[in-house]
Amino acid sequence: MNYIYPEYEVVRNHSRCITCRACENQCANNVHSYVECENRMESNDDACVNCHRCVTICPTRALKIAKTDHVFRENANWTGKTINEIYKQAQSGGVLLSSMGNPENYPVYFDKILINASQVTNPSIDPLREPMETRVFLGSKSHDIVRDAAGKIVTETTPQLDLSIPVMFSAMSYGSISYNAHESLAKAAQKLGIYYNTGEGGLHEDFYKYSKNTIVQVASGRFGVHKDYLTAAAAIEIKMGQGAKPGIGGHLPGTKIIGDVSRTRMIPEGSDAISPAPHHDIYSIEDLRQLVFSLKEATDYKKPVIVKIAAVHNVTAIASGVVRSGADMIAIDGFRGGTGAAPTKIRDNVGIPIELALASVDKRLRDEGIRDKVSLIVGGSIRSSSDIVKAIALGADCVYIGSAALIAMGCHLCRNCQSGKCNWGIATQMPELVKRLNPAIAYQRLVNLISAWRHEIKEMMGGMGINSIESLKGNRLMLRGVGLNEKELSILGIYHAGE
């Protein structure tokens, strides 16, 4: 017996419905069906994931999705959500899986931080009439003085990533998202002068032409990792942790390991791609250092190496160790970070907010005098240009965006990625669904989004009287908190509004 009442209901206006059956043809979850004897459409609410595909394509606006008003008896401790989760596990005996980021009502600190503005003594800058520099370089910024044999001072730098704006598309593997989605990200990164991350699924042979704008990932499963993969990239990222599921590995179901996905990952079709929780050759900072330099050696020291870690309670100590491993950049992923699939209870209860982790790590590295040895990249629900400005003022060099990029391409955040039945052609490998995402259109939407954010970032910097990203970085005097307690303000390193 199924004790669970549908979470959403399909509301159909039959006076508007022309039984064109577009909803039936477009729904991968078989929600809609045609009753021929009555010449009318029906809906199976149990199957609806609220992806809005049917609502969007309905030519007469005859459909909408409503949250059900069915309720359990009121109980502040045993909520309807908790009861339904127990019903699901009692029925299946399995782990609850969820996708995308943490939806729970935890504080979003970016929303409690305001940006300062200049007026008279430190006048604002008009970005339409004066130059504003959004370009950034990622990599170690060592200030050691180096002299050649004649004693002349020469500049010696480690490999750097050159970005037109401090935004990159974060790791989303081929397999978890479609070929068309990867192509859209790669083309947009090339057009914008930024980078996209392959995730742990390897690099499809068609996308080697975008290698100058590609970051490749080396995760615990080593899927798709070989010399050509490493040397083709602009940078290499070692994934130690992920914000949506700190402390555990990855899992791509065998149903998605088909065709090119199987070949790119170098594993048999239909086999589950399971990444171990730890790298089995890394149990200390010394072990991590060995991998960092093995990757540098394999690429003739021409590629910077990033180490990606999850934002957890001892993140400052971890970051300090990562600097000493020889990494050129640290990517920190907050607990609101998206994912194709994660155990629900880990996604919603493990990790800490990226704002607090970033501020703490930046301060720790400055206190130890090693901040210039790495660049900090942060991700985990960066949603807007203002989030980017605040993250940089808190100490980041650059941000990763994942969910925002998918939403720009058409994702409706229905959080059903783990099923592989993405009605928008993004988180799927089903050919009939993949083709719904037009890379030419999706790529342009990504370019439009980042271009719009660039304009807004310039406006905000101009309002602060700042004309470059470098002047904004770590400039916490430009931030003020609202509704935060003293401990939160202390960790963030900012004053309360009015001070």
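Go through (1) assigned by TED's automatic domain parsing to the domain that holds V323; (2) at pLDDT below 95; (3) closer than 22 Å to A396 by Cα for T155 and report which single condition fails.
Every listed condition holds for T155 apart from (3).
Would you confirm whether any residue within region 261-268 is in contact with a helix residue (DSSP H, G or I) (Cβ under 7 Å, 6 or more places away or on another chain), part of a loop (DSSP other than H, G, I, E, B) and assigned by TED's automatic domain parsing to the domain that holds G326?
Yes: region 261-268 contains one or more residues that are in contact with a helix residue (DSSP H, G or I) (Cβ under 7 Å, 6 or more places away or on another chain), part of a loop (DSSP other than H, G, I, E, B) and assigned by TED's automatic domain parsing to the domain that holds G326.
Of all the residues that make up region 49-77, how many are surrounded by 13 or more Cβ atoms within 10 Å (Cβ to Cβ), touching a helix residue (DSSP H, G or I) at 6+ places or on another chain (Cβ under 9 Å) and not β-branched (V, I, T)?
Looking only at that region, the number is 7.
Within region 303-316, restricting attention to residues that are touching a residue at least 24 places away in the same chain (Cβ under 8 Å) and farther than 17 Å from V216 by Cβ, which residue is surrounded by the most Cβ atoms within 10 Å (Cβ to Cβ)?
Once the filter is applied, the top-ranked residue is A311.
Right, D300: touching a Phe, Trp or Tyr at 6+ places or on another chain (Cβ under 8 Å) and surrounded by fewer than 23 Cβ atoms within 10 Å (Cβ to Cβ) or not?
no
All but one of (1) touching a residue at least 24 places away in the same chain (Cβ under 8 Å); (2) part of a loop (DSSP other than H, G, I, E, B); (3) under 28 Å from the mean Cα position of the chain (by Cα) hold for G94, so report the exception by its number.
Only one criterion in (1) touching a residue at least 24 places away in the same chain (Cβ under 8 Å); (2) part of a loop (DSSP other than H, G, I, E, B); (3) under 28 Å from the mean Cα position of the chain (by Cα) is unmet by G94, namely (1).
State yes or no: is R61 out of contact with any Asp or Glu (no Cβ under 8 Å at 6 or more places or on another chain), in contact (Cβ under 8 Å) with a residue 12 or more places away in the chain and not acidic (D, E)?
Considered against the rule, which asks whether it is out of contact with any Asp or Glu (no Cβ under 8 Å at 6 or more places or on another chain), in contact (Cβ under 8 Å) with a residue 12 or more places away in the chain and not acidic (D, E), R61 comes out as yes.
Among the residues of region 269-299, what is the count of those that are in a helix (DSSP H, G or I), in contact with a Gly (Cβ under 8 Å, 6 or more places away or on another chain) and not aliphatic (A, V, I, L, M)?
3
Output the residue which, of all residues in region 357-412 that are acidic (D, E) and either part of a strand (DSSP E or B) or modelled with pLDDT of 95 or more (or both), is nearest to G338 (Cα to Cα).
Checking each candidate, the answer is D387.
Got at least one residue in region 200-209 being hydrophobic (A, V, I, L, M, F, W, C) and not in a helix (DSSP H, G or I)?
yes
Return yes or no: is G474 part of a loop (DSSP other than H, G, I, E, B), within 22 Å of L356 (Cα to Cα), without any contact (Cβ under 8 Å) to a residue 60 or more places away in the chain and not aliphatic (A, V, I, L, M)?
no
List, please: which pairs have Cβ atoms under 6 Å, are six or more places apart or on different chains, and start with a residue in region 173-191 that is under 16 Å from K421 (Cβ atoms) and end with one that is part of a helix (DSSP H, G or I)?
G175/G201; G175/K256; G175/V261; S178/V434; N180/V434; N180/P439
Residue check: is G193 closer than 30 Å to V323 by Cα, under 18 Å from the mean Cα position of the chain (by Cα) and surrounded by fewer than 24 Cβ atoms within 10 Å (Cβ to Cβ)?
no
So, in region 481-499, exactly how many residues are touching a residue at least 12 places away in the same chain (Cβ under 8 Å) and either basic (K, R) or not in a loop (DSSP other than H, G, I, E, B) (or both)?
6
Determine the pairs where a residue that is buried (at least 18 other Cβ atoms within 10 Å of the Cβ), located within region 100-122, has a partner that is among the aromatic types (F, W, Y) with Cβ atoms under 7 Å apart, the partner being 6 or more residues away or on another chain.
N102/F335
This table checks each residue for (1) under 26 Å from the mean Cα position of the chain (by Cα); (2) among the hydrophobic types (A, V, I, L, M, F, W, C).
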position	(1), (2)
P6	no, no
A28	yes, yes
V35	no, yes
E38	no, no
S43	no, no
C58	no, yes
A76	no, yes
K88	no, no
I113	yes, yes
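Only one of E36, E24 is surrounded by fewer than 12 Cβ atoms within 10 Å (Cβ to Cβ) and without any contact (Cβ under 8 Å) to a residue 24 or more places away in the chain; which?
From the options E36, E24, the qualifying one is E36.
Which members of region 217-253 meet the condition of being farther than 24 Å from L358 by Cβ, in contact with a Gly (Cβ under 8 Å, 6 or more places away or on another chain) and either β-branched (V, I, T) or not in a loop (DSSP other than H, G, I, E, B) (or both)?
Scanning region 217-253 gives V225, Y229, L252.
When you check C48 against the structure, is it hydrophobic (A, V, I, L, M, F, W, C), free of Cβ contacts under 8 Å to residues at least 60 places away in the same chain, assigned by TED's automatic domain parsing to the domain that holds R12 and closer than 15 Å to V11 by Cβ, yes or no?
Yes.
The values are calculated or read from the model by the stated rules, or taken from the named source; none is laboratory data. Nothing here was measured: the structure is a model prediction, and the numbers come from that model. Cβ sites come from the backbone with ideal geometry, for glycine too, and all protein chains shown count toward neighbours.
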